[in-house]
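Okay, structure first, notes after.
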Amino acid sequence: MANTTKITEQDLQKSLELLGREPRTPFMVKTRCPDGSPQVLLADPVFKEDEIWKPFPTFLWLVCPELKLKAAHLEQDGLIRIFSARLQEEQGFREEFIDGQKAISEIRMNMAREILGAEIPQHIQMILTRTTIAGSMDISGVKCLHAHLAQELAFGNNPIGKEILARVGNCSGEHERKQS
Ligand SMILES: [Zn+2]
């Protein structure tokens, strides 16, 4: 992950503003919009709650307001269902998708090992190795286009995210000051 930039105080403020909530895990800026603001955040895939470590498989957050809006529009157009059907029906598309999810599982497990050491509890391993980037145990459970787009931007290897990018293009770098 040589491209990952360490988070500065300014990044942190901007990220929290874009997220609109207090995240439960530490995160880094993985990709940036053309104006330099955080685009995809990479969070720790595990977090501690009540003294117990828990898995956090949906560890990539798309925070670019422009791409979030475009992804939301595609969701309204029914693209979640269409991609889900394609994962069930098109073998090549499914295989490419599964390869990308295996890569994501490895990245999550490597990050978890760095945080927890070699002994990763079974319940964490199970979730980090078996769920998709959108947090689904079902490979064709697309759930949320934002997660797939975030993977494509951050690590590649996501045919759903790739098609979304081909349709809407990357961020123009002209974030609106206010959403109307
Ligand atoms: Zn952007």
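The values are calculated or read from the model by the stated rules, or taken from the named source; none is laboratory data. Note that the structure is a prediction, hence the values are computed from the model and not measured. So basically every Cβ, Gly included, is an ideal-geometry build from the backbone, and we count neighbours across all protein chains shown.
Just a few scattered comments:
- Check on Ser140, of a type in the set (Ser, Thr, Tyr), modelled with pLDDT under 95 and away from the ligand (no atom under 16 Å from the Cβ): yes
- Gly173 being surrounded by fewer than 16 Cβ atoms within 10 Å (Cβ to Cβ) and in contact with a Pro (Cβ under 6 Å, 6 or more places away or on another chain): yes
- Selection of helices (runs of 4 or more DSSP H) fully inside segment 1-115 by the criterion of at least 3 residues being modelled with pLDDT under 95, within 16 Å of the ligand (Cβ to nearest atom) and out of contact with any Cys (no Cβ under 8 Å at 6 or more places or on another chain) returns 9-19.
- Qualifying residue in segment 50-57 (condition: of a type outside the set (A, V, I, L, M), closer than 15 Å to Ala150 by Cβ and either without any contact (Cβ under 8 Å) to a residue 60 or more places away in the chain or touching a Lys or Arg at 6+ places or on another chain (Cβ under 8 Å) (or both)): yes
- In segment 41-72, the residues that are under 15 Å from the mean Cα position of the chain (by Cα), among the aliphatic types (A, V, I, L, M) and closer than 19 Å to Leu128 by Cβ: Leu41, Leu42, Ala43, Val46, Leu60
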